[in-house]
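Working notes, structure below.
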Amino acid sequence: MELREHETFEERTIEIRRVSRVMEGGKRMSFRALVVVGDGRSRVGAAIGKALGVPEAIRKAAERAKRELITVPKLGDTIPHEVWGEMKATRVLLKPAAPGTGVIASGPVRAVLELAGIRNVLTKVFGSRNPINVVQATLDALRRLRTPEEIAKMRNKRVSDLPIPKKLRRWLEQDASQKTSPSDIG
């Protein structure tokens, strides 16, 4: 994905750890930073940076995260459907939520979702709560999301033929009356 110079991204540092490597003369200390970046409109990325100083580790992580951005399909300010993401012993469940619900999530998951521009979602982390794995599992879940148009195309059907839950169908009809399709929103 190509970055444009005028784009602005918000950064959130999820974790900073002091790590050490054993050398001949003893231990050499350095820092590891986990940073999430996003534009708040549907693009988000995360990465780890390592350096001898904290600011340099954060800068490296942010630069790398900007090179690893993904685009998240959204339906208004929530996600199109329920989805699971996995990374090692961590599993993350994301569920769409009604307007006004907010982001119900733990720290690392909340940072990823808010920077992706998702405002209403329910989440649950299962298994390991390691922040690195939680962030990667959340990004995996976001990569697995599909728009109603993509699902209809995969099944050789029209969007109107899909089994859409009543609450979501009501939202889609209300949205159609405003002459905006769900794909125009994200």
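Conditions tested, residue by residue: (1) of a type in the set (D, E, K, R); (2) at pLDDT 70 or above; (3) within 14 Å of K74 (Cβ to Cβ); (4) exposed (fewer than 11 other Cβ atoms within 10 Å of the Cβ).
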| residue | (1), (2), (3), (4) |
| --- | --- |
| A137 | no, yes, no, no |
| R143 | yes, yes, yes, no |
| E149 | yes, yes, yes, no |
| R155 | yes, yes, no, yes |
| D161 | yes, yes, no, yes |
| L172 | no, no, yes, no |
| A176 | no, no, no, no |
| S181 | no, no, yes, no |
| D184 | yes, no, yes, yes |
Qualifying positions in the stretch 75-112 - part of a loop (DSSP other than H, G, I, E, B) and of a type in the set (S, T, N, Q):
T101, S106
Answer yes or no: is there a residue in the stretch 41-58 that is at pLDDT below 95 and either not assigned by TED's automatic domain parsing to the domain that holds E114 or not hydroxyl-bearing (S, T, Y) (or both).
yes
Has the stretch 114-124 got any residue that is closer than 14 Å to D77 by Cβ, of a type outside the set (S, T, Y), assigned to a helix (DSSP H, G or I) and at pLDDT 95 or above?
yes
Residue selected from the stretch 63-74 under the condition assigned to a loop (DSSP other than H, G, I, E, B) and either surrounded by 22 or more Cβ atoms within 10 Å (Cβ to Cβ) or in contact (Cβ under 8 Å) with a residue 40 or more places away in the chain (or both), by the criterion nearest to the chain's Cα centre (by Cα):
V72
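The values are calculated or read from the model by the stated rules, or taken from the named source; none is laboratory data. Worth saying up front: this structure is predicted, and the values here are computed from it rather than measured. As a convention, Cβ positions derive from the backbone with ideal geometry for all residues, glycine included, and neighbour counts pool all protein chains shown.
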